[in-house]
Amino acid sequence: MLDFHDVLATRLGGTRDTAGLLLIMGGGLVTLLPNLPYWAWAGGGLALSLAGGALIGLHFASCIRIKRFGGACGLELNSDAVPPADENGMSIGFVGDTAQELVIPPAEWTRHAMIVGQSGVGKTVLGQWLMLQQIERGGGLLWIDGKLDPANLEDLHRACAWCGREGDLLVINPGNPALSNTYNPLLDGEPDEIAARCGALLPEAEANAGADYYRQGAINAIATLVDAIQAAGYGFHFADLQTLLTSANALEALASALDARASGRGDARMRFSLFIDQYRRVDRVTRKHEIDTNELKRVFGGLGARLSQFGSGGFGRVMNTYSPEVNLFDAVTHNKIVYVMLPTMGKGEAASALGRLVIGDFRTAIARVQALPESERPNPPFLGFFDEAGSYLTQAWSRMFEQARSARLVMVPAFQTRANLAALGDELVAQVAGNTLTKIFFKPGEPETAKWMADMIGQEMQEQRSQSSNETISARNASLADHMRGAGGTLGGSGDGAGESRSARLGYRVTPDDLARLGKGEAVALYDGAKVYKLHIPRVTFDDDFVERAGSFKLSHPAAAAGAPGLDIARMLPSASEQEDE
Ligand SMILES: Nc1ncnc2c1ncn2[C@@H]1O[C@H](COP(=O)(O)OP(=O)(O)O)[C@@H](O)[C@H]1O
Ligand SMILES: [Mg+2]
């Protein structure tokens, strides 16, 4: 292994920055060269990356003041000592001033991580680095991609191919159903869980009692319907649900199906009768109590329209299935690699609704895994990478972290601003910050987020020296005790001149301005509450040769698990033309 001083002595052509970056990337490349024995993978790749990291460290030293090297001021940050190496840990990058790899130990990694930074700074690149490690070790993952780049699917495919795991890759891709596995987020869970998931399709209720009342009414109605469908022994999809909420005949058909299946769930039948009785009116001609379709449409029309968006078009092709190829519980317990591509072009609303649906479904899967005996929980821990989570965050997140941890699932949300979380309440901000042991901060996009990051990194006692010239120098990243003892090593040449006065005050360990100086692929990591690191994140690339051999992504079709028979409510209706007459 290269010694740090050897690394420093290494001569390379070009500027140090470029060389350092290339080396880190080269380190990644080496690991991706085909047919290399393991020692070369680890040794060669790591050594190159380390060397690169070291040179990058030197780069920092030139524009960033680091105690070890002295020099001009930029981001003043002496990284803490890295945790002991652990091959089952998760590497999140290389420490800027020592080139050591920061590997989060396994137990700490399951206490989750969050990634924050403005657009285009390297959040997804970091996610890809984490995912490559996860795939390499045979683990399962769920990647919800809120900002689709067409290259992402091919890159993920290559990462899988590199590890011989193409067969484990499943995609949910309503933007291109021809390149999508099938998925139905309405099959797993209790009626109220599924109803809450559908509630995700409705716009978040503003501080408006009327909107909230409507929303809750709609969610309750869905819960009653789901309860009835499950009691009748069927699975269902969005198109079924939409038909049920807008058609009297469909509700009557479900009532008959429920009667035919009368077993045990009498309460479901009673609730369902009470529910549809609310919409019955006496027909003036026949004197019969019939469900009034117009009333139904008046109450649920809005929800029906949203459901129909999921029951038709690209979404419908992916999701109108009773035996889906993707099942999240199965994915978690069988280490599958699930890539959810939220369509972004012109379908923003539906895309974020899909994100919220998948999260709701994932939460149900987590609860089921939590109930499994220890030996059946995912090993290695499952990885959930929620990219651009700001567009599909829900309240459900607040309790997911704790559940996920005991189920051996690691949650890694990446988002841009504090406001992304605060939009759902300060409670969620506190939950996400409080439940992520590892925090990776990239360049923030605006002051509020910068201050939030700096606050989380924390403050420390810093010494201020005022000289007679009235110049104030503050010493950061050095303990107050050191200075009081007169160690004062951080202040370089300033010396203890006459007329100098010293005072102590609390100051940011990393200021919001410091954070704004971070470049692409650079981050400040906060680990375990108090340990701070300046990091350089490696970027995974594949050489042309391998790209050619891996070929392009091809769908794999796993055998779908047998579930309950499909409701297919449209087929139960008297006839399609009668429907249209209504
Ligand atoms: N660690 C890195 N090393 C080299 N280049 C990087 C790194 N991180 C990001 N970049 C560059 O920045 C671009 C944007 O990064 P990306 O991860 O997509 O940003 P974000 O997800 O934060 O919007 C990448 O395509 C790449 O060119
Ligand atoms: Mg991104």
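The values are calculated or read from the model by the stated rules, or taken from the named source; none is laboratory data. Fair warning: this is a prediction, and the values are worked out from it, not measured in the lab. Heads up, the Cβs are rebuilt from the backbone with ideal geometry, glycines too, and the neighbour counts pull from every protein chain shown. Areas reflect the complete protein model, heavy atoms only, side chains present, ligands, DNA and RNA absent. Shrake-Rupley method; radii C 1.70, N 1.55, O 1.52, S 1.80 Å.
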- Query: Within the set of pairs 6 or more residues apart or between chains, which connect a residue that is modelled with pLDDT of 95 or more inside the range 524-541 to a residue that is of a type in the set (Val, Ile, Thr) and part of a loop (DSSP other than H, G, I, E, B) with Cβ atoms less than 6 Å apart?
  - Reply: 524/510
- Considering only the range 457-472, state which residues are part of a strand (DSSP E or B) and at pLDDT 60 or above. 459, 460, 461, 462, 463, 464, 465, 466
- residue 331 fails exactly one of the following numbered conditions: (1) surrounded by 14 or more Cβ atoms within 10 Å (Cβ to Cβ); (2) farther than 30 Å from residue 151 by Cα; (3) touching a strand residue (DSSP E or B) at 6+ places or on another chain (Cβ under 6 Å). What is the number of that condition? (2)
- With the condition kept exactly as written, say whether any residue in the range 386-395 is open to solvent by less than 10 Å² (accessible area, probe 1.4 Å), of a type outside the set (Ser, Thr, Tyr) and more than 16 Å from ligand 2 (Cβ to nearest atom). no
- Message: Just to be sure I understand, how many residues within the range 518-536 are more than 16 Å from ligand 1 (Cβ to nearest atom) and either of a type in the set (D, E, K, R) or assigned to a strand (DSSP E or B) (or both)?
- Response: 5
- Determine which member of the set 299, 338, 318, 326 is open to solvent by less than 80 Å² (accessible area, probe 1.4 Å) and over 27 Å from residue 149 (Cβ atoms). 299
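Yes/no matrix, rows are residues, columns are (1) within 16 Å of ligand 1 (Cβ to nearest atom); (2) at pLDDT 95 or above; (3) farther than 21 Å from residue 382 by Cβ:
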| position | (1), (2), (3) |
| --- | --- |
| 99 | yes, no, yes |
| 105 | no, yes, no |
| 113 | yes, yes, no |
| 127 | yes, yes, no |
| 132 | yes, yes, no |
| 142 | no, yes, no |
- Task: Would you check which residues across the range 537-564 are loosely packed, with under 12 Cβ neighbours inside 10 Å and in a loop (DSSP other than H, G, I, E, B) and list them?
- Result: 552, 554, 557, 559, 562
- Message: Exactly one condition in (1) open to solvent by 20 Å² or more (accessible area, probe 1.4 Å); (2) in contact with a Gly (Cβ under 6 Å, 6 or more places away or on another chain) is false for residue 434; which is it?
- Response: (2)
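Evaluate the range 443-450: report whether one residue or more is closer than 21 Å to residue 511 by Cα and hydrophobic (A, V, I, L, M, F, W, C). Steps first, please.
Start the filter on the range 443-450 by keeping residues that are closer than 21 Å to residue 511 by Cα, which leaves 443-450.
Next cut, hydrophobic (A, V, I, L, M, F, W, C) only: 450.
Yes, because at least one residue in the range 443-450 is closer than 21 Å to residue 511 by Cα and hydrophobic (A, V, I, L, M, F, W, C).
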- Determine, yes or no, whether residue 379 is under 19 Å from residue 561 (Cα atoms), away from ligand 2 (no atom under 16 Å from the Cβ) and not aliphatic (A, V, I, L, M). no
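Name the single residue that is nearest to ligand 1 (Cβ to nearest atom) among those in the range 394-416 being under 16 Å from residue 117 (Cβ atoms) and out of contact with any Asp or Glu (no Cβ under 6 Å at 6 or more places or on another chain).
416
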- Task: Identify, by number, the condition in (1) of a type in the set (A, V, I, L, M, F, W, C); (2) free of Cβ contacts under 8 Å to residues at least 24 places away in the same chain; (3) assigned to a helix (DSSP H, G or I); (4) over 19 Å from residue 200 (Cβ atoms) that residue 276 doesn't meet.
- Result: (2)
